[in-house]
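Have a look at the structure below, then the notes.
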There are 2 protein chains.
Amino acid sequence: MEPIGKFRQRCYIRLMKWTDLPNEGCSVARTMSVLGDRWTLLILRDTLFGIRRFDDIQKRLKITRHVLSDRLKRLESHGLLERKPYQERPTRYEYHPTQAAKDFVPVMQAMTAWAQTHLPTEKSEPYRFLDRATRTPTDPKVIDANTGAEITSQSIWVEANRD
Amino acid sequence: MEPIGKFRQRCYIRLMKWTDLPNEGCSVARTMSVLGDRWTLLILRDTLFGIRRFDDIQKRLKITRHVLSDRLKRLESHGLLERKPYQERPTRYEYHPTQAAKDFVPVMQAMTAWAQTHLPTEKSEPYRFLDRATRTPTDPKVIDANTGAEITSQSIWVEANRD
DNA sequence: CACTTGGGTTCCAAAATAGAACTCACATGG
DNA sequence: CCATGTGAGTTCTATTTTGGAACCCAAGTG
């Protein structure tokens, strides 16, 4: 396997596949291994908003049935959705968000606030988040619970972890 | 185009393509139109952490050069990265995160905290976020700035916007 | 020169997605 | 009984998108 004559091989690294991401140390990478595609997060959002049946999700998102079927299985296998029968004869199922999925709601809210600022549009938001008690729109901010101060790109410092 | 005999056509809806997402009213959908794939957010994270050159990103992420090239162009076109020369002869460029990208840091922190709870791993995080002043690890929480209370799936109410 | 480096592009094969049709279990209505 | 409808998928083919490797170019190095 020696290079011959003018043939010069440059060193190539072993590439990483999408299927390697779940085992990454980086939390962002692991999140992407579950939610890192066009539709998965939108499916999860719909189930959180009460749209939980196959055909309803498909009609709302206008996604192919094939991909929807695949993503629901994936979300279930990662423990974000639970498939529960809602009727017998014939048995039909709906997909309920688990606590892990519900805990993603604050992240989605922060994401929504970001997009409203940085990816503006004329169209109106199909849903909005209200405070359950006061029924007023929420104004999501990410804070550091240790200091109580808002986290911004200026307030933080990133450090590489050795080991 | 009439159905003939036993042939019964069921009604199919017009599907949505990924390229339609940028015009969606839903902020989560617009976010996915920019960041909704396996690698884009990881690329963005690297540039935020100071890894800003083509080969450096490629070596770290072990992504194909083809896809990296495409994603960098996409991030640039969406205003999240800026391509700036860092040397002449030959001119070489690096990719700097814009303010829009920097404003995604809090969202990434909330996401990281979520994954540490719900997608645990033995491997250690390659980076960690510290408070710039105190140099202690941050404890990110999403709060409603109106009430000051933490946002959880229990504290919020989702309402469909009519119009 | 011979070779390296950074930053890409090009090419082909493999995998994922779009789009439409088909299946299955049962319900309904005449 | 038979035709039709519904919800929840699966199957099929064509198109796109990736993975993986090689190639290209401009300039620097020894």
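The values are calculated or read from the model by the stated rules, or taken from the named source; none is laboratory data. Note that the coordinates shown come from a computational prediction; the quantities given were computed from them, not determined experimentally. Reconstructed Cβ throughout: ideal geometry from the backbone, glycine too, with neighbour counts over all protein chains shown. For the accessible areas, the whole protein counts, side chains as well, though only heavy atoms, and no ligand, DNA or RNA atoms are used. Shrake-Rupley method; radii C 1.70, N 1.55, O 1.52, S 1.80 Å.
Over its Cα atoms, what ratio of radius of gyration to 2.2 N^0.38 Å does chain A give? The partial results should precede the final answer.
Working: Rg = 21.4 Å, N = 163, 2.2 N^0.38 = 15.2 Å.
Ratio of Cα Rg to 2.2 N^0.38 Å: 1.41.
Given a cut-off of 27 Å, name the pairs among A:Lys123/B:Lys141; A:Lys59/B:Lys102; A:Lys59/A:Lys84 whose C-alpha atoms lie farther apart than that in the structure shown.
Numbers: A:Lys123/B:Lys141 29 Å; A:Lys59/B:Lys102 35 Å; A:Lys59/A:Lys84 20 Å.
Going by Cα-Cα distance, A:Lys123/B:Lys141; A:Lys59/B:Lys102 fall outside the 27 Å limit.
Give the carbon-plus-sulfur fraction of the accessible surface of chain B in %, rounded to a whole number; probe 1.4 Å, heavy atoms of protein chains only.
Numbers: 4530 of 9360 Å².
Its accessible area is 48 percent carbon and sulfur atoms.
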Legend entry - Per-residue HN-Hα couplings for the stretch A:125-134 [Karplus 6.51, -1.76, 1.60; θ = phi - 60°; Hz; x = Gly/Pro]: 4, x, 10, 9, 9, 10, 5, 5, 6, 8
Inset, instruction - With a probe of 1.4 Å, find how much accessible area chain A has per residue, and write the answer as a whole number in Å². - result: 58 Å²
Legend entry - Label distances, nm, B:Gly148 versus same residue in remaining copies, Cβ-directed 7 Å point: 0.7
Inset, instruction - Would you calculate a helix-derived [θ] at 222 nm for the protein assembly as shown, using -39,500 (n - 2.57) for each DSSP H run of n ≥ 4 and dividing by the full residue count, to the nearest 500? - result: -10000 deg cm²/dmol
Legend entry - Approximate spin-label separation B:Asp139-B:Gln87, in nm, with each point projected 7 Å along Cα-to-Cβ: 4.5 nm
Legend entry - Size of the B/A contact, given as accessible area buried on both chains, probe 1.4 Å, in Å²: 8500 Å²
Inset, instruction - Tabulate in residue order the Karplus-calculated ³J(HN,Hα) for the stretch A:93-100, using 6.51 cos²θ - 1.76 cosθ + 1.60 with θ = phi - 60°, rounded to whole Hz; enter x for Gly and Pro. - result: 10, 10, 10, 9, x, 7, 4, 4
Inset, instruction - Name the long-range amide H neighbours of B:Asn146: under 5 Å, sequence gap of 5 or more, or other chain; modelled H, no Pro or chain starts. - result: A:Asp139
Legend entry - B:Thr98 long-range amide H proximity, modeled H, under 5 Å: B:Leu81, B:Glu82
Inset, instruction - Would you give the gap between the C-alpha center of the stretch A:47-123 and the C-alpha center of the stretch B:56-116, rounded to a whole Å? - result: 29 Å
Inset, instruction - List the residues whose amide H sits under 5 Å from the amide H of B:Val158, counting only those 5 or more places along or on another chain, with H placed 1.01 Å from N in the peptide plane. - result: A:Leu130
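Per the Kirkwood treatment, what hydrodynamic radius in Å, one decimal, follows for the stretch A:82-163 from the mean inverse distance over all distinct Cα pairs?
Working: mean 1/r = 0.0596 Å⁻¹.
About 16.8 Å for the stretch A:82-163.
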